[in-house]
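Undergrad: To start, I am sharing the structure in question, which I have written as structure tokens.
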Amino acid sequence: MSQILFPTDTEGFSVSRKLDKLGNRCSDTAELSFVDARVPLSNTIGDAGRGFQQQMTQFQNERMIAAYSAAGSMDGALRRTADYLRERQAFGQPLLANQYIQFRLAELSAEVDLLRHYNYACADAYLRGDDTTRFATIAKLKAGRLQREIADWCLQFHGGVGYMEETWVSRYFRDSRLLSIGGGADEVMLQILARLDGFTA
Ligand SMILES: Cc1cc2nc3c(=O)[nH]c(=O)nc-3n(C[C@H](O)[C@H](O)[C@H](O)COP(=O)(O)OP(=O)(O)OC[C@H]3O[C@@H](n4cnc5c(N)ncnc54)[C@H](O)[C@@H]3O)c2cc1C
């Protein structure tokens, strides 16, 4: 496989279908069509035949960056949910007065903290020039799973209003689902990890 730069004004290229996504609707994702479209060989990116390896290197960065931004978004989602629960009165007191809710938010916040510090270690290793395959794999896997869990709890604690499109948390819930799929699914992260850590037959 090789990677090839393909200018979108090349004859034969078209965006054949814009895909209707569950979340992340602010960025469009589409099917691209190449009919008898040709570009010069000089448009090859990097080395011919090394496209897969080059893409894998890019993937390590993409996975790390995904985990970095996830930590920030999860922290924000927990804070916004706490703000809402402080305002929302039920049975004569703010919902946030419930110890169960306090403990759930505190524990999830602690999980975000663990991820954030793992991310710092990841970034340090990258800056040192180390191989970050294992770091990036773990960070992306754990970030994806945690973001799904946090989005679900934030929506749950908003109750019915959280199910409405007009409330930010419903969008957060939809958008959060991608992290466990995009950039390589959780199971692919586990496959890499199992191989790296010697858990294979
Ligand atoms: C919104 C969006 C944007 C995207 N943007 C890009 C982009 O910019 N660039 C790009 O290159 N790609 C992009 N992708 C593609 C994305 O990387 C793939 O969708 C993702 O890697 C999963 O591959 P797949 O969809 O082919 O799933 P499949 O390979 O069909 O897998 C389906 C499911 O099977 C399971 N599975 C897969 N492999 C294994 C295994 N080895 N062991 C056990 N279970 C397994 C997983 O649960 C997985 O989710 C995007 C996808 C989406 C949804």
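Undergrad: Being closer than 30 Å to D124 by Cβ, touching a helix residue (DSSP H, G or I) at 6+ places or on another chain (Cβ under 9 Å) and either more than 13 Å from the ligand (Cβ to nearest atom) or of a type in the set (G, A, S) (or both): is that true of Q60 here? Let's see the steps before the verdict.
TA: Values: closer than 30 Å to D124 by Cβ: yes; touching a helix residue (DSSP H, G or I) at 6+ places or on another chain (Cβ under 9 Å): yes; either more than 13 Å from the ligand (Cβ to nearest atom) or of a type in the set (G, A, S) (or both): yes.
Yes; evaluated as a whole, the condition is true for this residue.
Undergrad: Identify, by number, the condition in (1) more than 10 Å from the ligand (Cβ to nearest atom); (2) buried (at least 19 other Cβ atoms within 10 Å of the Cβ) that W168 doesn't meet.
TA: Of the numbered conditions (1) more than 10 Å from the ligand (Cβ to nearest atom); (2) buried (at least 19 other Cβ atoms within 10 Å of the Cβ), the odd one out for W168 is (2).
Undergrad: Follow-up. Check whether at least one residue in the stretch 98-106 is away from the ligand (no atom under 16 Å from the Cβ), over 20 Å from Q55 (Cα atoms), surrounded by fewer than 14 Cβ atoms within 10 Å (Cβ to Cβ) and of a type in the set (D, E, K, R), and report yes or no.
TA: So far as the stretch 98-106 goes, no, none of its residues is away from the ligand (no atom under 16 Å from the Cβ), over 20 Å from Q55 (Cα atoms), surrounded by fewer than 14 Cβ atoms within 10 Å (Cβ to Cβ) and of a type in the set (D, E, K, R).
Undergrad: If you go through the stretch 179-201, how many residues are open to solvent by 50 Å² or more (accessible area, probe 1.4 Å) and hydrophobic (A, V, I, L, M, F, W, C)?
TA: 6
Undergrad: Which of (1) within 13 Å of the chain's Cα centre (by Cα); (2) closer than 14 Å to L5 by Cα is the odd one out, the single condition I45 does not satisfy?
TA: Condition (1) is where I45 drops out.
Undergrad: Mind checking whether some residue in the stretch 116-123 is open to solvent by 40 Å² or more (accessible area, probe 1.4 Å) and over 19 Å from the mean Cα position of the chain (by Cα)?
TA: For the stretch 116-123, residues open to solvent by 40 Å² or more (accessible area, probe 1.4 Å) and over 19 Å from the mean Cα position of the chain (by Cα): absent.
Undergrad: Please specify each residue of the stretch 188-201 satisfying the condition of being of a type in the set (S, T, N, Q) and more than 21 Å from the chain's Cα centre (by Cα).
TA: T200
Undergrad: Are any of the residues in the stretch 179-187 near the ligand (Cβ under 10 Å from one of its atoms), without any contact (Cβ under 8 Å) to a residue 24 or more places away in the chain and more than 14 Å from the chain's Cα centre (by Cα)?
TA: Checked against the condition, which is being near the ligand (Cβ under 10 Å from one of its atoms), without any contact (Cβ under 8 Å) to a residue 24 or more places away in the chain and more than 14 Å from the chain's Cα centre (by Cα), the stretch 179-187 yields at least one hit.
Undergrad: Any idea how many residues of the stretch 77-95 are in a helix (DSSP H, G or I) and open to solvent by 30 Å² or more (accessible area, probe 1.4 Å)? Step through it out loud before you land on a result.
TA: Our first condition is that a residue be in a helix (DSSP H, G or I); within the stretch 77-95, this holds for 77-87, 95.
Remaining after also requiring open to solvent by 30 Å² or more (accessible area, probe 1.4 Å): 79-80, 83-84, 86-87, 95.
Residues in the stretch 77-95 being in a helix (DSSP H, G or I) and open to solvent by 30 Å² or more (accessible area, probe 1.4 Å): 7 in total.
Undergrad: Could you please find all residues in the stretch 1-42 being away from the ligand (no atom under 15 Å from the Cβ), surrounded by 13 or more Cβ atoms within 10 Å (Cβ to Cβ) and not in a loop (DSSP other than H, G, I, E, B)?
TA: F13, S14, F34
Undergrad: Can you tell me which residues in the stretch 124-144 are assigned to a helix (DSSP H, G or I) and open to solvent by less than 40 Å² (accessible area, probe 1.4 Å)?
TA: Pass one, the stretch 124-144, residues assigned to a helix (DSSP H, G or I): 124-128, 133-144.
If the condition is that a residue be assigned to a helix (DSSP H, G or I) and open to solvent by less than 40 Å² (accessible area, probe 1.4 Å), then A125, T133, A136, T137, I138, A139, K140, L141, A143, G144 are the ones that fit.
The values are calculated or read from the model by the stated rules, or taken from the named source; none is laboratory data. Please read all numbers here as calculations on a predicted model, not as lab measurements. In this analysis, Cβ positions are derived from the backbone assuming ideal geometry, glycine residues included, and neighbour counts consider all displayed protein chains. SASA here: full protein model, heavy atoms, side chains in, ligands and nucleic acids out. Shrake-Rupley method; radii C 1.70, N 1.55, O 1.52, S 1.80 Å.
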